[in-house]
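Since the structure comes first, as structure tokens, the remarks are kept for the end.
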Amino acid sequence: MRVTLTALATLALAGAALAEPVAPMDVVYEDGAIAGSLTGMAGDPDNGAKLMNKGAGNCIACHQVTALETLPFHGEIGPSLDGVSERWSVAEIRGIVANAKEMFPETMMPSFYRDTGFIRPGKAYTGKGIDPAELTPLLTAQEIEDLVSYLITLKYE
Amino acid sequence: MRTILTAGSFAVVALLAAPALADPDEDNLVINDELQMVTETAAPAHMEHVDTIYSGWRFRTDETQALQIDDFENPAMIFVDQGMDLFNSVDGTEGKSCASCHEDVAAFAGFHAEMPKVMNGKLVVMEDFINGHRARAMGAEPWKWSGPEMQAMVALIGLQSRGMPMNVKIDGDAAPYWEQGKEMYYTRYGQLELSCANCHEDSYGLMIRADHLSQGQINGFPTYRLKQAKLISRHNRFRGCIRDTRAETFAEGSDEFRALELYVASRSNGLSVETPAVRQ
């Protein structure tokens, strides 16, 4: 199944017509950055803003974002994301969101677009195990793009 | 009257205190106006990355802290009373209670401070000790690990050591278990790839969403957790933390959690036993 999907993704990229996303294992990182969209499509910044606060995104659990200050309880574990688009390129932001460990090997930040290489992976938050073959990334390729499109709007005042 | 005074004094403290939650606060824990607790001390020599250890009490809000400074306010004490009833209750085929052999529970003073420890070649945690005696001396059925009877008894025995410094042994026959626990402490489990150390060593004092991260000390367990409104066992808390890394967790009462308990307890060495503590 995976092979089929990967093959499809490759075909899609080659044709650049069908928007089959790049599979996690096929993402190419260059110094931690990902050059192009994982889906071949632009992200939706409104959905990106929502993902900052909920679901498997939940970025503000660890990062403070002044533009989202109406939301309660921003964390302090990671750096503030204010001005992030002035510190990093789009490709770097995409790479950090997809798998920050490519750029910062020791970072505490989870890898949001990876589906292999975990120790005792579980079935979401049930505490039960999962067949590694059934593991899906924390975010979909389009959700990564949505977050990137939101994050590039964050500038210093 | 005491409640009103306490609430009043906390209001004053709140006004004077810095608004931002960050590192452990400066509050001093004295229980029942007489028992001075050590909530901050030099880290034991085996801890390589931390200089000072702090009780989780120092990371909690004034409102939560207040519940632990007076046994009449401490909701865990209801369960300790239940533990005392169980201590005196006959159970099992031998017609015995705990009190039949251990006349006075006060004789357990100091025991909890050294647990877990190796006995007869096996790493034994308090729940093992209790169920072992129930089976061998009383002919009684084992209690469920995190069940109310078991945790009431663990809390009752733990309370006999309250105020004494945690002092678990990590060398000699304990060493292999301790090494296993340490390895687990630094392993980044689950799809979120988080180790105990990521939050409780590298990030204590910081906010993760609405939670103020402590050092994850276990010197106050079993702990009355307000959000669950009951006594929570150490292994239950371990299980919850590992589950929250999107991992396949370990079972309560597993050898893995025994080893982790020994290691984490050893990181509390020097802090006062607070059992039963109150947390958020």
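The values are calculated or read from the model by the stated rules, or taken from the named source; none is laboratory data. Being a predicted model, the structure only gives us computed values, none of them experimental. Here Cβ is always computed from backbone atoms with ideal geometry, including for glycine, and neighbour counts include all displayed protein chains. Accessible surface areas use protein heavy atoms only, side chains included; no ligands, DNA or RNA. Shrake-Rupley method; radii C 1.70, N 1.55, O 1.52, S 1.80 Å.
Observations on the model:
- Selected residue [away from chain A (no Cβ under 14 Å), farther than 21 Å from residue B:43 by Cα, touching a residue at least 12 places away in the same chain (Cβ under 8 Å) and buried (at least 22 other Cβ atoms within 10 Å of the Cβ)] from B:148, B:222: B:222
- Test result for residue B:216, away from chain A (no Cβ under 14 Å), in a loop (DSSP other than H, G, I, E, B) and modelled with pLDDT of 95 or more: yes
- Those residues of segment A:123-148 which are assigned to a helix (DSSP H, G or I) and open to solvent by less than 20 Å² (accessible area, probe 1.4 Å), in sequence order: A:141, A:144, A:145, A:146, A:147, A:148
- The residues of segment B:186-213 that are more than 8 Å from chain A (Cβ to nearest Cβ), open to solvent by 40 Å² or more (accessible area, probe 1.4 Å) and touching a Ser or Thr at 6+ places or on another chain (Cβ under 8 Å), listed by number, are B:186, B:200, B:204.
- Test for residue A:60: is it closer than 15 Å to residue A:150 by Cβ, touching an Asp or Glu at 6+ places or on another chain (Cβ under 9 Å) and in a helix (DSSP H, G or I): no
- Qualifying position, being aromatic (Phe, Trp, Tyr) and open to solvent by 60 Å² or more (accessible area, probe 1.4 Å), among B:129, B:72: B:72
- Residue B:156 within 15 Å of the chain's Cα centre (by Cα), among the aliphatic types (A, V, I, L, M) and surrounded by 24 or more Cβ atoms within 10 Å (Cβ to Cβ): yes
- Residue within segment B:153-162 that is touching a Pro at 6+ places or on another chain (Cβ under 6 Å) and outside the structural domain of residue B:274 (by TED's automatic domain parsing) present: yes
- For residue B:235, the conditions (1) open to solvent by less than 30 Å² (accessible area, probe 1.4 Å); (2) more than 14 Å from chain A (Cβ to nearest Cβ) all hold with the exception of (2).
- Only one of the numbered conditions (1) at positive phi; (2) out of contact with any Asp or Glu (no Cβ under 6 Å at 6 or more places or on another chain); (3) facing chain A (nearest Cβ under 10 Å) is not met by residue B:229, and that is (3).
- Answer residue from segment A:64-94, given it is within 13 Å of chain B (Cβ to nearest Cβ) and under 23 Å from residue A:31 (Cα atoms) and is least open to solvent (accessible area, probe 1.4 Å) among those: A:78
- Residues that are in contact (Cβ under 8 Å) with a residue 24 or more places away in the chain, touching an Asp or Glu at 6+ places or on another chain (Cβ under 9 Å) and open to solvent by less than 40 Å² (accessible area, probe 1.4 Å), drawn from segment B:248-264: B:253, B:258, B:259, B:263
- Being in contact with a strand residue (DSSP E or B) (Cβ under 6 Å, 6 or more places away or on another chain), modelled with pLDDT of 95 or more and assigned by TED's automatic domain parsing to the domain that holds residue B:226 is a condition met by no residue of segment B:15-24.
- Test for residue B:168: is it open to solvent by less than 30 Å² (accessible area, probe 1.4 Å), part of a loop (DSSP other than H, G, I, E, B) and away from every other protein chain (no Cβ under 14 Å): yes
- Top-ranked residue in segment A:38-63 [being in contact (Cβ under 8 Å) with a residue 60 or more places away in the chain and of a type in the set (S, T, N, Q); ranked as most open to solvent (accessible area, probe 1.4 Å)]: A:47
- Filter result (within 14 Å of chain A (Cβ to nearest Cβ), in a loop (DSSP other than H, G, I, E, B) and in contact with a Phe, Trp or Tyr (Cβ under 9 Å, 6 or more places away or on another chain)) within segment B:241-279: B:244, B:245, B:246, B:248, B:249, B:250, B:251, B:252
- Highlighted here are the helices (runs of 4 or more DSSP H) found entirely within segment B:16-132 that include at least 3 residues which are in contact (Cβ under 8 Å) with a residue 12 or more places away in the chain and under 21 Å from the mean Cα position of the chain (by Cα): B:62-66, B:77-87.
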